[in-house]
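Taking it in order: structure first as structure tokens, then the write-up.
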Amino acid sequence: MSEALAEPVVRVRRGWMAWLFCANLGLWLAVYAPIQVLLPQQAEMLDKADKELVFGIVTGFGGLVSLLVVPLIGFLSDRTTSRFGRRHPWTLAGAVIGAVGLAVLANAPSVVVMTIGWCLVQAGIGGMLAALTSAVPDRVPVEQRAQVGGLIGISQMLGTVLGAVVVTLLVSGLQAGYLACAVIVLAGAIFFVLRTPDTQLIVKPVKPTFWISPRQNPDFAWAWGGHLMINLGNAFGTLYLLYFLGDVVHHESPEDGLLVLMALYGVALAAGAVLFGARSDRSGRRKPYVYGAAAVMALAALILVVWPTWIGVLIASPLLGVGFGTYWAVAIALLTQVLPAASDRAKDLGVLNVANALPQVIAPLLTALILANLGGYRGLFAVSALATTLAAVLMSRVRSVV
């Protein structure tokens, strides 16, 4: 078997994990700083009366692009025979395209240009995500994957928190915020590509196809459904948080309030990812931690259903963080253990990552309907809790992972 397709057995070193962490940190910062702060502010500047609609349109189209790009780039990277490796060329190209999109957003004079810019960001970041995610089954043995997954979860959280810090405290204005994100995502990708090895594929795999039969691969199908629901529930709970703080909680400074919440969320997420990721690796068990994470996340959403106040948000935020941190640490391990074939790792992970991107497409549309017809934000957080609970039910159907 080719070295590129062999199951990894040698534990990765801390240096490799550190560079992967940095690349993922830049990736998630470039996604969440715009989603949490910059895009909502820009939508309000361009159309204050219909800011929610504009924000939903922009993020919806961007999510659709990511939905298509992630499995496509995964498919292509699985079959890349470049002397520079299979994954690194796509990591670097994705970062460059994402940075270009951020530069377009920095100078967007209209909703149309804003949408084009965010679509470019999602295309580039989606390609980078496909390549970086495949590094886990490519390089990391099964018994170390929850530890590495925990670091990826922390990078996602820290990208969210640092993104908010960068665009609210360290730089001033939308343009500077977008350009700062562009520099950071490029730096993370460049250092990872230069400082880590990438195995060269000698012969392309045969029988290329995007279709993964649920009948032949039921565990993959159930895991995909569970991953979709956990991300949909998280999107319902966080996507409109800035507006919730301003319109429902009536916080005097929603941006500052969001920063406080992200700090609480981040510390809790890191604690959950490190503590429970390590425990999962030691025990070899994944699903009990998924169930616990889903229950805690659902509880966080329900707190906001019955107590939509600043105190309620302060309690819910760290609960959501510890739940999502635990989930991400264990989910990376679980999802890579149900991949159908080594020759299609990145493509199959790309299909799984559709479950990350699809909520960005459908959540804004569903949120508008929920806010209008199911009791406003109370109804939205109730649906978030329901989706998260359903995720645990679907994950329970996975049989090959305990």
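Which sequence of ILE315, ILE73 reflects their accessible areas, 1.4 Å probe, from the largest down? Each step should come with its number before you reach the end.
Working: ILE315 70, ILE73 25 Å².
The ranking, largest first, comes out as ILE315, ILE73.
Taking all protein chains as shown and a probe of 1.4 angstrom, ASP348 keeps an accessible surface of around 0 Å². Since only ILE116, GLY74, ALA33 are under comparison, the one whose Cα sits farthest along the positive direction of the charge dipole of segment 26-150, derived from C-beta charges on Lys, Arg, Asp and Glu, is GLY74. Each Cα pair under 8 Å and six or more residues apart adds its sequence gap; the mean of these over the residue count of segment 3-195 is a relative contact order of 40 percent.
Taking 16 Å as the straight-line reach from the Cα of LYS287, the aspartates and glutamates in range (excluding those fewer than 8 positions away in the same chain) are GLU143, ASP219. Summed over the residues of segment 3-195 and divided among them, the accessible surface reaches 37 Å² per residue at a probe radius of 1.4 Å.
Fraction of C-alpha pairs exceeding 21 angstrom in segment 214-397: 50 percent, rounded to a whole number.
For ARG79 and ARG14, the difference between the fully extended length at 0.36 nm per residue and the C-alpha to C-alpha distance is 20.6 nm. Only Lys, Arg, Asp and Glu carry charge here, each on its Cβ (+1 for the first two, -1 for the last two); on that basis the chain has a dipole of about 1400 debye about its Cα centre. Probing with 1.4 Å while keeping every protein chain in the model, the per residue accessible area of segment 214-397 equals 36 Å². Highest GNM mean-square fluctuation among ALA382, ALA368, ALA43, for the chain modelled with Cα contacts below 10 Å: ALA368. Placing a label point 7 Å from the Cα of VAL248 along the Cα-to-Cβ direction, the residues of segment 304-331 whose backbone N falls under 17 Å of that point are 304-321.
Please report the carbon-and-sulfur percent of the accessible area for segment 214-397; probe 1.4 Å, protein heavy atoms only, DNA, RNA and ligands left out.
68 percent
Within the same chain, aspartates and glutamates fewer than 8 places from LYS51 are excluded, and of the rest, none has a Cα less than 12 Å from its Cα. Figure note: LEU365, LEU349, LEU299, LEU151 ranked by solvent-accessible area, largest first, 1.4 Å probe, ligands and nucleic acids not counted: LEU365, LEU299, LEU151, LEU349.
In a simple Cβ point-charge model (Lys, Arg +1; Asp, Glu -1; nothing else charged), segment 214-397 has a dipole of about 780 debye relative to its Cα centre.
The values are calculated or read from the model by the stated rules, or taken from the named source; none is laboratory data. Small disclaimer: the values here were computed from a predicted structure and weren't measured. Counting neighbours? That spans all protein chains shown, and the Cβs are built from the backbone with ideal geometry, glycine included. To get the accessible areas, we keep the full protein, side chains included, count just its heavy atoms, and leave off ligands, DNA and RNA. Shrake-Rupley method; radii C 1.70, N 1.55, O 1.52, S 1.80 Å.
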